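Below is one structure, written out as structure tokens, with a few remarks after it.
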Amino acid sequence: MTRSTGLLFLERSLHVLTEDGNGVFLTTRGFKTEETKGPFRSYLAPKVADVESVDRDHFEADIPHMLLKVNSPGSEEFDPAISTIRPDPSEVEAQLMASATSPTISEPARHTATCFPDLDEYGADDDAAFVYLDLYYEDYDAAFVFDDPEQLEGLRGYVSRAEMEIRGEEPVTEHVLPLTDSDCVAPGEEVGTVIERLGRDGERFCFVGQPDDPEGIVTRFDLNKIPVYQYLYVLLARFEIRLREIIREHVPDWETETDIHIHTTYVGDLAPDKLAGGTVGNLLDILSEADEMQRLPVDLESYGATIWDVKDLRDAVAHYNPLVHSMSNDTENDWTAGDLRARHKLLRDIVESN
């Protein structure tokens, strides 16, 4: 598609798509930036479902290509605010190991965010359709817009992929939104506040810093970072201690009243009793079999998560499994930021209740 006639082929192909159809086109990456293709990008951008890079090893010519995936205009499947995230396990574990060597984190929001200079920024003169496609290609929710993005000077605001509506050939400044206090969190804000914000419907990102001096952005991607695991480790440790306290007080004869058996190794005075060697699953099973779940200091029916969901969260944290599997809240099978928010709220209320 290095010639303009290729655009005609792509445009005509769109007309043969059925109401719920989709198409995949191979094009060069120049399609995103070449000035002559600007008007067609503006026409095509709202129909884009995905953009993927193609390994240049597939071609003899040393020209990078990409796959452009589009849906028909009437397709209900297309929603720019929804993107399912399935991280590559080896990449996630490599990032976790690299992060684990960092010193003690004193400003969790700052360390959870993607900060300058790791962000992609756009210039005020950039084509809106190019920015829209690029956000899709990089799978970003939002990005900053500067007069001079190389020097990070002249901050105009930010663009949100979900809120961009391409109406024609126009500069990205037509879609710039101003940063406000409600868009930002302080660098020292605790991780729990970030989990709460990003777990709400429509709250896919927020900025770290002040509106006139942002340092970076926190998205649902960042809920799978080391600072979140570290924060939850502390809460989950306190949760296990709370469960043991309840059992010792209300089910002191749990070994005879239930069928739960805890395997332990004798460690002298270091462990007060067998409960110290029990897993969260063991402790919850004891309360369940003894019909003492009501001893937990919260109304379990009033939460969007169950006590067994908290156990699953504990297992995920212990093994560094992803805490969020999907960027969207509109899913039944994958863990979402909304699921993490609900589990965190139940966990924290149990730990902090008197």
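The values are calculated or read from the model by the stated rules, or taken from the named source; none is laboratory data. In this text, all values refer to a predicted model and were calculated from it rather than measured experimentally. Neighbour counts run over all protein chains shown; Cβ positions are idealised from the backbone, glycine included. Protein only, heavy atoms only, side chains kept; ligands, DNA and RNA dropped before computing areas. Shrake-Rupley method; radii C 1.70, N 1.55, O 1.52, S 1.80 Å.
If you average the sequence gap of Cα pairs under 8 Å that are 6 or more apart and divide by the length of the range 133-252, what percent do you get for the contact order?
Worked out over the range 133-252, it gives 16 percent.
What's the extension gain from THR33 to LEU8 if we count 0.36 nm per residue and subtract their Cα-Cα distance?
7.2 nm
Using the alpha-carbon centroid of each, what span in Å lies between the range 274-308 and the range 101-158?
43
Considering only protein heavy atoms, what is the solvent-accessible area of MET66 at a probe of 1.4 Å, reported in Å² to the nearest 10?
For MET66, the solvent-accessible surface is approximately 0 Å².
Might you work out the accessible area of TYR158 for me, using a 1.4 Å probe with all protein chains in place, and round it to the nearest 10 Å²?
Near enough 20 Å² of accessible area.
Give, rounded to the nearest 20 debye, the magnitude of the charge dipole that the range 113-168 has about its Cα centre when Lys and Arg contribute +1 at Cβ and Asp and Glu contribute -1 at Cβ.
240
Which sequence of LEU152, LEU235 reflects their accessible areas, 1.4 Å probe, from the largest down?
LEU152, LEU235
Could you work out how far apart the two model spin labels at GLU301 and ASP349 are, taking each label as a point 7 Å from the Cα in the direction of the beta carbon, and quote it in nm?
1.3
Sequence neighbours fewer than 8 away in the same chain don't count; with that in mind, list the aspartates and glutamates whose C-alpha is under 16 Å from LYS274.
GLU240, GLU245, GLU249, ASP253, GLU255, GLU257, ASP259, ASP285
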